[in-house]
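> The structure under discussion is supplied below as structure tokens; questions concerning it will follow.
The values are calculated or read from the model by the stated rules, or taken from the named source; none is laboratory data. Since the model is a prediction, treat every value here as computed from it, not as a measurement. A quick note on method: Cβ atoms are made from the backbone with ideal geometry, for glycine too, and the neighbour counts reach across all protein chains shown. Heads up: the accessible areas ignore ligands, DNA and RNA and are worked out on the full protein's heavy atoms, side chains in. Shrake-Rupley method; radii C 1.70, N 1.55, O 1.52, S 1.80 Å.
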Amino acid sequence: MSALTVAVIGSGPAGLYTAEALIKQGAAIDPPVEIHVDVIDRLPTPYGLVRYGVAPDHKSIKSIAEYLRGVLEHDGVRFVGAVHLGDEVTRDDLLSCYDAVVYATGAMRDRRLGIGGEDLPGSYAATDFVNWYCGHPDVDPDRFMLDAESVAVIGVGNVAVDVARILIREPSELRDTDVSQPVLEALMTSKVREVHMIGRRGPAQAKFTTKELRELGELEGVEVVVGSGEADLSAFDESGESERLAADNRLVRGNYKVISDWAARSGTGAGAGRRLTVRFWLSPVEIQGESRVEGLTVERTRLDASGRLVGTGQHETVPVQMVLRSVGYQSVPLPGVPFDDRSHTVPNADGRVLDSSGQPLPGEYVAGWLKRGPTGVIGTNKSDAAQTVRALLADLAGGPGPDDAPLPRAGLLRLPGAGAGAGAGAGAGADTSSDVAWSAPFNELLAARGVKPVGYDDWLKIETAEKELASSLGRGARVKLASRADIHAACGLIKP
Ligand code: NAP
């Protein structure tokens, strides 16, 4: 029996949990189905947001990469790096080379605020700053100079907590992390002494999780202050929603305990050196400045009796020289793949991609943030991927026999070995070190276009270079290579 071949687009948590679910669920169904997975990524490095989104000082979350490594090293899985859907290959290419395609490209773009001054020098998307300190090859290692003394972080989610912590914590504590050397040096010479983290609603509506929030209060040499009166659950809320949430919701209760403890201690940390001020009920109105950021004007908000967030007309300008907009991520459309411009997700039913009439498209699936929006922690992607794979295998189980054609309904997959259009069981592949027979049609297509993918062995060379760099610098277990050119040199990738 030949195997079902699946292309998973994106090697972040969503993509790799999908690959794992394909292998495991395929083996568990009756009769078992052997599945071969190509995990295709535009970058030469795997692990997506685990590598380029999780903060360097969150080592336990970063260790998820060790688990995901096991997926990449499975016999049924191949890493195909440095191949970009929309650039080197198209959706039609993928559909013609594989039995099924699962899109798992996450959410890479920042959301905009739509206020004046957003594009002033000194105003950045938090996603940019995160990419910078995580050493993402798309971001110049010299992008952030950190010559501001006071920074506003807009938003009160976990990304805001991450960027506030990296900005305000003692930088020498990052020496043993994998943060690249130019980023460490920029942080070491940072002039930042105060960070204002600003929520447009109250402590009960904030999106951060308690563990991440609590960590801010444990930073050496950092005083945490809460805006005067802003920890009071009823002061700016006529609807009673905040009190209700604090009573009924465990997460809110946990967050509120941390915030009210900070509020009780506010003003007692004189001499701490650096300060984090957490503000609530303030909506950004305008980023001020002539040629660069000089302040952030915010309007006091409240919830009216019906629970609607309204402005009070009362304004204040926080003097800051840098603004980080941390108001959520958005997915970007993939060329040729259906996309909902309002939700910024691929329309789907349990992971089956739907066309404009709501019908499932044969052989196309979606997983992760691209499927459900940018919510949840990394582990959320495991159950999400499992749901998508269940749908994929259900389509297979109910699908046609080898000689049945055409497919009786959209969304069904051909059984392995059914022939036409499938990459299953194809012959000898192209001449690449990471070549495997099941990917022959895709290998041939890439070779014909002069595209040489980065395989898993090539990625291991990048890992080795990172370990050698750490050792030469006397820093930790590994240090990220500083630039795209360094990464390409380490894995032998020749690309503009
Ligand atoms: P998020 O949790 O959705 O938080 C976005 C924040 O931006 C909210 O406070 C939101 O306020 C605010 N916001 C949105 N539009 C705004 C506007 N126009 N003006 C002012 N504020 C605005 O997004 P995120 O922080 O980017 O996190 C994304 C996901 O990654 C989350 O699921 C998060 O938990 C996860 N993550 C987890 C970790 C971790 O586990 N350590 C680390 C980083 C990220 P409203 O609620 O009022 O809209």
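> Could you state the principal axis extents of the C-alpha atoms in the range 122-171, from the largest down, to the nearest angstrom?
Largest first, the range 122-171 extends 27, 22, 22 Å along its Cα principal axes.
> Also, I was wondering about something else. If amide hydrogens are placed 1.01 Å from N in the peptide plane, which non-local residues have theirs closer than 5 Å to the one on I378?
Residues meeting the criterion, in which the H sits 1.01 Å from N, do not exist here.
> When the distances between all Cα atoms of the range 110-329 are binned every 10 Å from zero, what whole-number percent does each bin get?
So the P(r) values, bin by bin, are 8, 34, 37, 17, 3, 0.
> Right, here's the next one. Could you please report the charge total around R275, scoring K, R as +1 and D, E as -1 over all other residues with beta-carbon less than 13 angstrom from its beta-carbon?
Around R275, the charge tally is +2.
> Add -39500 (n - 2.57) for each DSSP H run of 4 or more in the chain, then divide by its residues: what number comes out at 222 nm, to the nearest 500 deg cm²/dmol?
Taking each H run of at least 4 residues, the total per residue is -9000 deg cm²/dmol.
> Considering only DSSP states other than H, G, I, E and B, which trypsin sites (Lys or Arg not before Pro) in the range 64-127 qualify as loop sites with at most 14 other Cβ atoms within 10 Å?
Filter output for the range 64-127: R112.
> With an 8 Å cut-off on Cα pairs and a minimum separation of 6 or more residues, tell me the relative contact order of the chain in percent.
Reported as a whole number, the value is 21 percent.
> Under 5 Å between amide H atoms, partner at least 5 residues away or on a different chain: which partners does V327 have, H built in plane at 1.01 Å?
Correct list: R111, A126.
> Related question: In a Debye calculation with equal point scatterers on the alpha-carbon sites of the range 172-222 and no solvent, what is log10 I(q)/I(0) at q = 0.17, 0.20, 0.23 Å⁻¹?
Listed by q, the Debye log ratios stand at -0.77, -0.94, -1.05.
> Looking at the range 133-239, which GluC sites (Glu not before Pro) are in a loop (DSSP not H, G, I, E or B) and have at most 13 other Cβ atoms within 10 Å?
Of the GluC sites (Glu not before Pro), the ones in loops of the range 133-239 whose Cβ has at most 13 other Cβ atoms within 10 Å are E218, E220.
> Over the range 29-152, one equal point on each Cα, no solvent: what is log10 I(q)/I(0) by the Debye formula at q = 0.10, 0.16, 0.20 Å⁻¹?
-0.47, -0.98, -1.27
> Provide the solvent-accessible area of C97, counting protein heavy atoms only and rolling a 1.4 Å probe, rounded to the nearest 10 Å².
Only protein atoms counted, so the area is about 10 Å².
> Using label points projected 7 Å from each Cα along Cα→Cβ, tell me how many nm separate D140 and R175, to one decimal.
Each label point is offset 7 Å from its Cα along the Cβ direction, giving 3.0 nm.
> Applying the Karplus parametrisation 6.51 cos²θ - 1.76 cosθ + 1.60 with θ = phi - 60° to the phi angles of the range 472-487, what ³J(HN,Hα) value in whole Hz is obtained for each residue in order, glycine and proline being reported as x?
5, 8, x, 10, x, 7, 7, 10, 5, 5, 6, 9, 4, 4, 5, 5
> Please quote Rg/Rh for the range 194-320 to two decimal places, taking the Kirkwood radius as Rh and restricting both calculations to Cα atoms.
For the range 194-320, the value is 0.98.
> If you don't mind, another one. What is the local net charge at R478, summed over the other residues whose Cβ is closer than 15 Å to its Cβ (Lys, Arg +1; Asp, Glu -1)?
+1
> Could you work out what % of the accessible surface of the chain is carbon and sulfur, using a 1.4 angstrom probe and leaving DNA, RNA and ligands out of the count?
Carbon and sulfur: 51 percent of the exposed surface of the chain.
> Moving on. Per residue, how much accessible surface does the chain expose to a 1.4 Å probe? Answer in Å², no decimals.
Spelled out: the 1.4 Å probe surface of the chain, per residue, equals 41 Å².
> Which percent, nearest 5, of DSSP beta bridges in the chain are antiparallel?
For the chain, the DSSP antiparallel bridge percentage is about 35.
> Net charge near L120, counting Lys/Arg +1 and Asp/Glu -1 over other residues with Cβ under 12 Å of its Cβ?
Cβ neighbours under 12 Å give a net charge of -3.
> Relative contact order of the range 110-329: what whole-number percent is it, with Cα pairs under 8 angstrom and at least 6 residues apart?
Normalised by residue count, the contact order of the range 110-329 is 31 percent.
> Also: Just grab the label-to-label distance for S343 and R112, each label 7 Å out from Cα along the Cβ direction, in nm (one decimal).
2.4
> Report, largest value first, the span of the C-alpha coordinates of the chain along each principal axis, in whole Å.
Sorted from largest, the Cα extents of the chain read 75, 57, 40 Å.
> Continuing with the same structure: Once amide H atoms are built 1.01 Å from N in the peptide plane, which residues 5 or more positions from D237, or in another chain, come under 5 Å H to H?
For D237, whose amide H was placed from the backbone, the distant partners under 5 Å are L303.
> Please state the relative contact order of the range 98-177 as a whole percent: Cα pairs under 8 Å, 6+ residues apart?
19
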